[in-house]
Amino acid sequence: MSGPSAEGGQRVVVIALVVNLLIAGFKFVTAGISRSTAMLAEAVHSLADSANQVFLLIGMRRSVRPPDARHPFGYGTETYFWAFIVAGSIFLIGAVVSIWEGVEKLWQIYHGTHRGHGDVRWALLVLGVSIVLELVSLRAALVEFRHLTGGRGLRRTLEDARDPTVLTVLFEDVAALFGLIAALCGVLLTYLTGQPIWDALASVVVGLALAVVAIVLGRDSKSLLIGEAVPADEQRQIIELVAAWPDVLAVVHLRTLHIGPKEVLAALKLRFRRDLTIDDLEQSINGLEAALRNAFPHLRRIYIEPGFDEEGRKA
């Protein structure tokens, strides 16, 4: 199963963290000078993204802990848990705050209590620089994403991906670029027309974009937490390898479960030749497990049960 290396994924997260911290600092200072709601929304967005990268790094670090008596299959699913926390963070901190700020400003404009803008030229400059910095982070994520695709299309890659780290950073960066462009348009239109409504609407648009990203990432992380099998193509390849094993007459069933981005549990029920002795059966099972691990290194836990198709016989 192709995918980015752990080092590559961590590098992407670290680059995104450094970039977002720089951008967040610039944005908060500029939001105070310009009194731009869109800029404040973007500052909160960048701060939320920075927190998200910290969460991802925590998940990556904790997921590599070795198995123990309480968690005999290890801690690989910690990656999925922290990715789910990231999705909630994007929604609560980024989306809700941005929409709230925009709606509050629209309310002030409607009732005539809006204080007006400061010097928005600084906001325009910082937004332009932020777009450049965000492109640096996006480029790093795209490099790892190309490794993840393995020649497959975008939709197929998103369906088959079992490592949320690179995808989370990629989605965040795309949403960040969209939000920066929306904020830039809102601030620029406000500067040119003198109407603060454009700035307020830009904040709402940024929040809605973040809500969409949060829902998509949250759905995928939830599915991984519940437990997902390996992609269909890989299941087919595993079955073909097992069915071709000399002592195997039939594959009754195969069950796989990702217990981490690069760690899979596989349980197989197989019908073996009836003339095998116990010693022959044990050696055949051990040889088959070694062959499976050699072909699919991420199959860390393999359980093979000799038997027949009970449901088929009942039918």
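Overview of values
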read-out	value
The range 232-275 - residue that is of a type in the set (D, E) and more than 16 Å from E305 (Cβ to Cβ) and, of those, surrounded by the most Cβ atoms within 10 Å (Cβ to Cβ)	E263
Meets criteria (surrounded by fewer than 17 Cβ atoms within 10 Å (Cβ to Cβ) and under 29 Å from G59 (Cβ atoms)) for A295	yes
Pick from the range 207-239, criterion closer than 22 Å to G76 by Cβ and hydrophobic (A, V, I, L, M, F, W, C), ranking: farthest from the chain's Cα centre (by Cα)	I238
Residue under evaluation A69, criteria (1) assigned to a helix (DSSP H, G or I); (2) modelled with pLDDT of 85 or more, criterion not met	(1)
Condition check for R139: modelled with pLDDT of 80 or more and of a type in the set (K, R)	yes
Selected residue [touching a Leu at 6+ places or on another chain (Cβ under 9 Å) and either surrounded by fewer than 20 Cβ atoms within 10 Å (Cβ to Cβ) or modelled with pLDDT of 85 or more (or both)] from V18, V13, V64	V13
Failed item in (1) surrounded by fewer than 24 Cβ atoms within 10 Å (Cβ to Cβ); (2) among the hydrophobic types (A, V, I, L, M, F, W, C); (3) at pLDDT below 85, with L57 passing the rest	(3)
Elements of type helices (runs of 4 or more DSSP H) contained in the range 231-315, each with 3 or more residues being touching a helix residue (DSSP H, G or I) at 6+ places or on another chain (Cβ under 8 Å)	232-243, 278-295
Counted residues, the range 71-108 - those being of a type in the set (V, I, T), farther than 14 Å from A209 by Cα and in contact with a helix residue (DSSP H, G or I) (Cβ under 6 Å, 6 or more places away or on another chain)	3
Any hit, the range 53-60, residues being closer than 19 Å to G218 by Cα, touching a residue at least 60 places away in the same chain (Cβ under 8 Å), of a type outside the set (S, T, N, Q) and not in a helix (DSSP H, G or I)	no
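One line per residue, one yes/no per condition, for (1) free of Cβ contacts under 8 Å to residues at least 40 places away in the same chain; (2) assigned by TED's automatic domain parsing to the domain that holds R301; (3) farther than 29 Å from L265 by Cα:
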site	(1), (2), (3)
V132	yes, no, yes
H147	no, no, no
F171	no, no, no
V174	yes, no, yes
L177	no, no, yes
T193	yes, no, yes
W198	yes, no, yes
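Here's the yes/no breakdown for (1) over 26 Å from V97 (Cβ atoms); (2) among the β-branched types (V, I, T):
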{"position": "R139", "(1), (2)": "yes, no"}
{"position": "L142", "(1), (2)": "yes, no"}
{"position": "T157", "(1), (2)": "yes, yes"}
{"position": "A161", "(1), (2)": "yes, no"}
{"position": "T165", "(1), (2)": "no, yes"}
{"position": "E172", "(1), (2)": "no, no"}
{"position": "L180", "(1), (2)": "no, no"}
{"position": "A183", "(1), (2)": "no, no"}
{"position": "V205", "(1), (2)": "no, yes"}
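The values are calculated or read from the model by the stated rules, or taken from the named source; none is laboratory data. Since the model is a prediction, treat every value here as computed from it, not as a measurement. With ideal geometry, Cβ positions are generated from the backbone for all residues, glycine too; neighbour counts draw on all protein chains shown.
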